[in-house]
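These notes concern the structure reproduced below.
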Amino acid sequence: MPEQIANLGPAFVSLEQAAALIPDGAEVALGGRMQMEPVALARALARLGRRGLRLVTAPGGGLGVDLLIGAGCVASVESPQIVLNEFGQAPNFRREVQAGSVRVLDQV
């Protein structure tokens, strides 16, 4: 193995650094629904005040998606469903879709 590659080691960045790589208007894929969902990343994006994000979720969206919508970060969501499982409907998602603030692209 060339010495320059051997000395690189793993490239890790902090959560804040990773979130900073996502610009306004980016298409962001989130997964996990309510299990293993990257909520910490959603919180970091909300803290940065990102706007116009286009979310794509698989298999569905949950708390992280609802958090981003509530923070005003989302322009559209492509997903089969946005739910909080046994906690009921995602209130920010429902409110902003009904108000016309978030565009929904149904995924089946």
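The values are calculated or read from the model by the stated rules, or taken from the named source; none is laboratory data. Remember, predicted model here, so these are calculated numbers, not experimental data. So basically every Cβ, Gly included, is an ideal-geometry build from the backbone, and we count neighbours across all protein chains shown.
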Restricting attention to segment 31-42, the residues that are within 12 Å of Leu15 (Cα to Cα) and within 9 Å of the chain's Cα centre (by Cα) number exactly 4
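Might you let me know whether segment 74-89 holds any residue that is under 10 Å from the mean Cα position of the chain (by Cα) and either under 24 Å from Pro23 (Cβ atoms) or not small (Gly, Ala, Ser) (or both)? Lay out the reasoning, then the answer.
Taking segment 74-89 as the starting set, the residues that turn out to be under 10 Å from the mean Cα position of the chain (by Cα) are 74, 77.
Within this subset, residues satisfying the condition of being either under 24 Å from Pro23 (Cβ atoms) or not small (Gly, Ala, Ser) (or both) are 74, 77.
Taking every residue of segment 74-89 in turn, at least one turns out to be under 10 Å from the mean Cα position of the chain (by Cα) and either under 24 Å from Pro23 (Cβ atoms) or not small (Gly, Ala, Ser) (or both).
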> Looking at segment 20-30, is at least one residue at pLDDT below 95 and within 19 Å of Arg94 (Cα to Cα)?
Replying inline: yes
Reported set for segment 25-50 where residues are part of a helix (DSSP H, G or I) and either polar (S, T, N, Q) or out of contact with any helix residue (DSSP H, G or I) (no Cβ under 7 Å at 6 or more places or on another chain) (or both) is Arg47
Condition set touching an Asp or Glu at 6+ places or on another chain (Cβ under 6 Å), part of a strand (DSSP E or B) and more than 16 Å from Val39 (Cα to Cα), scope segment 54-108, selection modelled with the lowest pLDDT: answer is Leu105
Q.
Quick check on segment 33-52. Is at least one of its residues at pLDDT below 90 and buried (at least 22 other Cβ atoms within 10 Å of the Cβ)?
A. yes
